[in-house]
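The values are calculated or read from the model by the stated rules, or taken from the named source; none is laboratory data. Not measured: the values here are computed from a predicted model. All Cβ positions, even for glycine, are placed from backbone atoms using ideal geometry, and neighbour counts span all protein chains on display. Ligands, DNA and RNA are excluded from the accessible area calculation, which covers all protein heavy atoms including side chains. Shrake-Rupley method; radii C 1.70, N 1.55, O 1.52, S 1.80 Å.
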Amino acid sequence: MVPADNTASPERVVIVGSGFAGFTCARKLCRTFAKAGRDVEVVLVTPNDYMLYTPLLPDVAGGLIDPRFVVISLADALPRVRLVVAKAESVDLQHKTITVAGEDRPPRELSWDRLVLTPGSVTRLFDVPGLAEHARGLKTVAEALYLREQLLRQLELADGEDDPEVRSARRTVVVVGASYAGTELVAQLRALADAYAHRRGFDPSEIRFVLLDTADRVMPEVGERLGDKALNVLRDRGIDIRLKTSLRELTDHQVVLTDDTVVPTYTVAWVTGVTGAPLLETLDLPMERGRLVVDTSLSVPGHPDVFAGGDAAAVPDLAAPGKITPPTAQHATRQGKALARNVAASLGIGRAVPYKHRDMGLVVDLGPGFAVANPLGVHLSGRLAKLVTRAYHTYALPRGVNRWAISLTYATNVVTPRPLTRLGLVSPEESSFVGSEGIPNKRGA
Ligand SMILES: Cc1cc2nc3c(=O)[nH]c(=O)nc-3n(C[C@H](O)[C@H](O)[C@H](O)COP(=O)(O)OP(=O)(O)OC[C@H]3O[C@@H](n4cnc5c(N)ncnc54)[C@H](O)[C@@H]3O)c2cc1C
């Protein structure tokens with residue numbers, strides 16, 4: 001172990017994770033310290049040198065958007081932050097150090113005066129035989145790219161397949177999870193498959209999509225009316241939606257549903273929700289529903305120098321007393337700002353504030369010509385919702401160059417069909433839950 005790195009300025013804030021919460025916190029902290037004329041070092045520990053704009057991952061999986069456009073370069077966006085491209089392995093709360101490990105470097109220690117824990121979440125897995133080996137999530141670029149390439153590969157293999165049963169299995173996709181992320185994914189994969197069938201000259205209905213959820217409706221987040229509209233549109237596109245149904249087991253060529261139906265397939269996406277990042281379990285701190293307990297000022301009770309926010313933290317929802325804030329980018333971004341403000345206040349700059357935010361609604365892109373959205377409680381669907389959805393994402397991307405690239409992509413997409421080329425760059429291992437999200441495989445596969 002390399003000893004603690006104590007070479008820097010008098011004070012140091014270490015932020016773990018460069019998602020919506022960590023990125024926003026780092027950016028605001030740098031501005032606050034510069035404005036106050038304080039020499040406080042801001043260190044961002046993250047395994048990737050980018051911030052990932054996850055809401056556009058379904059478009060990446062559907063081949064609509066280039067993955068480079070949904071990642072924000074930290075070196076460019078946060079020039080005053082000291083970037084440590086490594087994973088936080090453990091935290092010593094008593095001695096105020098954190099152990100980080102990079103790809104090619106031995107573990108080393110970093111000391112901190114204030115620690116901000118924003119390592120986000122990972123896909124929630126259930127004890128379903130074959131799940132970790134044969135399904136893929138949608139939390140990372142590797143997973144999104146893999147799903148796109150896997151679908152195209154299976155469609156290409158099906159074209160040359162003589163056995164009708166194997167051909168049909170290769171032309172079948174199962175998506176588990178009908179909340180907004182899973183529903184957006186199935187809509188985008190359907191659009192990709194339709195584009196493939198049109199260009200190869202066969203009937204798109206030969207490619208089968210099955211969407212499963214244990215709930216009795218799709219996208220409960222957008223309410224009954226918009227959820228029903230989405231359900232009808234997806235069913236019109238030939239997606240077989242089975243509610244109150246999930247997976248019992250998977251192999252490399254089929255899945256068995258909880259109602260005992262067997263569906264032959266080689267492509268399974270698992271998008272059933274999230275739980276706090278694995279790092280949180282090593283901390284020996286109180287947790288609620290897989291997330292770290294914090295108070296309304298986002299500090300960890302009993303540890304006034306430690307703060308947490310975003311998907312990793314169970315933040316009391318002052319706008320809905322008795323609940324915790326849902327794991328959304330909307331909350332994570334605002335909690336990032338509140339974290340910066342309260343960390344700065346703990347160092348004598350400004351005043352701490354409790355976190356409070358009323359949900360502003362959701363935008364859900366459901367593929368060609370359709371979306372649903374409920375901004376500020378106004379229910380929209382169809383082309384108007386599509387416009388609002390695309391405008392919102394373009395605006396919400398935190399860097400101008402990404403906004404520009406996404407706008408051009410949307411414009412290009414109006415006049416040219418989505419590309420169907422396969423690059424084969426992501427291996428099954430790199431895109432697995434272990435390889436891509438770092439989720440320990442408890443079944444030992
Ligand atoms: C497909 C999809 C679509 C979505 N669409 C929407 C949407 O439309 N609207 C919305 O509001 N929300 C949406 N969400 C939810 C949103 O993405 C999350 O709520 C948000 O990303 C949470 O932000 P965060 O900063 O807490 O965590 P994350 O964005 O998950 O970032 C966590 C960061 O911590 C890093 N990290 C993890 N462990 C460690 C470690 N040990 N050491 C160092 N770094 C670590 C990760 O690599 C990552 O960079 C979507 C999510 C998905 C998956």
Area of LYS244 that stays accessible when all protein chains are in place (1.4 Å probe, Å², to 10):
150 Å²
Please report Rg (one decimal) and Dmax (integer) in Å for the Cα set of the stretch 277-420.
18.9, 58
Using amide H atoms built 1.01 Å from N in the peptide plane, name the residues 5+ places from ALA313, or on other chains, whose amide H lies under 5 Å from its own.
LEU292
Got a number for the accessible area of GLU288? Probe 1.4 Å, square angstrom, nearest 10.
70 Å²
With all protein chains in place and a 1.4 Å probe, ASP311 shows an accessible area in Å² (nearest 10) of 30 Å²
Over the chain, with every protein chain in place, what whole percent of the accessible area is carbon and sulfur at 1.4 Å, could you tell me?
53 percent
Structure shown: which of LYS139/LYS323; LYS139/LYS229; LYS244/LYS337; LYS35/LYS356 lie over 32 Å apart, alpha-carbon to alpha-carbon?
LYS244/LYS337
Separation of the ARG248 and ALA36 label points, Cα + 7 Å toward Cβ, nm:
6.0 nm
Checking rank on 324-331, 190-197, with mean other Cβ inside 10 Å and highest first, the result is 190-197, 324-331
On the principal axes of its Cα set, how long, how wide and how thick is the chain? Give whole Å, largest value first.
69, 47, 40
Mind jotting down the distance between the C-alpha centroids of the stretch 301-325 and the stretch 54-71, whole Å?
30 Å
Sorted by accessible area (1.4 Å probe), largest first, how do MET287, MET51 line up?
MET287, MET51
Suppose every K and R has +1 on its Cβ and every D and E has -1 on its Cβ; what is the size of the dipole of the stretch 105-234 about the Cα centre, in Debye to the nearest 20?
460 debye
For the chain, what is the mean residue ellipticity at 222 nm derived from helices alone (per DSSP H run of n ≥ 4: -39500 (n - 2.57); sum divided by total residues; nearest 500 deg cm²/dmol)?
-10000 deg cm²/dmol
Over the stretch 139-220, what is the relative contact order in percent, taking alpha-carbon pairs closer than 8 angstrom and at least six residues apart?
34 percent
Taking Cα atoms only, helix 400-415 is inclined relative to the longest principal axis of the chain by an angle, in degrees rounded to 10, of 10 degrees
Just name one of GLY273, SER297, ALA314: the one whose Cα is farthest towards the positive end of the charge dipole of the stretch 241-324 (beta-carbon charges, Lys/Arg +1, Asp/Glu -1).
GLY273
In Hz, Karplus ³J(HN,Hα) per residue of the stretch 319-331 (6.51, -1.76, 1.60; θ = phi - 60°; x = Gly, Pro)
7, 9, x, x, 10, 10, 5, x, x, 10, 5, 4, 6
For the stretch 1-134, with the dipole built from +1 on Lys and Arg beta-carbon atoms and -1 on Asp and Glu ones, taken about the Cα centre, which of GLY130, LEU115, VAL91 lies farthest toward the positive end?
LEU115
Vicinal HN-Hα couplings computed from phi for the stretch 144-160 (Karplus, 6.51 cos²θ - 1.76 cosθ + 1.60; Hz; Gly/Pro x)
4, 5, 4, 4, 4, 5, 5, 4, 5, 4, 5, 5, 5, 5, 4, 4, x
What is the distance, in nm, between label points placed 7 Å from the Cα along the Cα-to-Cβ direction at ASP295 and at ASP49?
4.0 nm
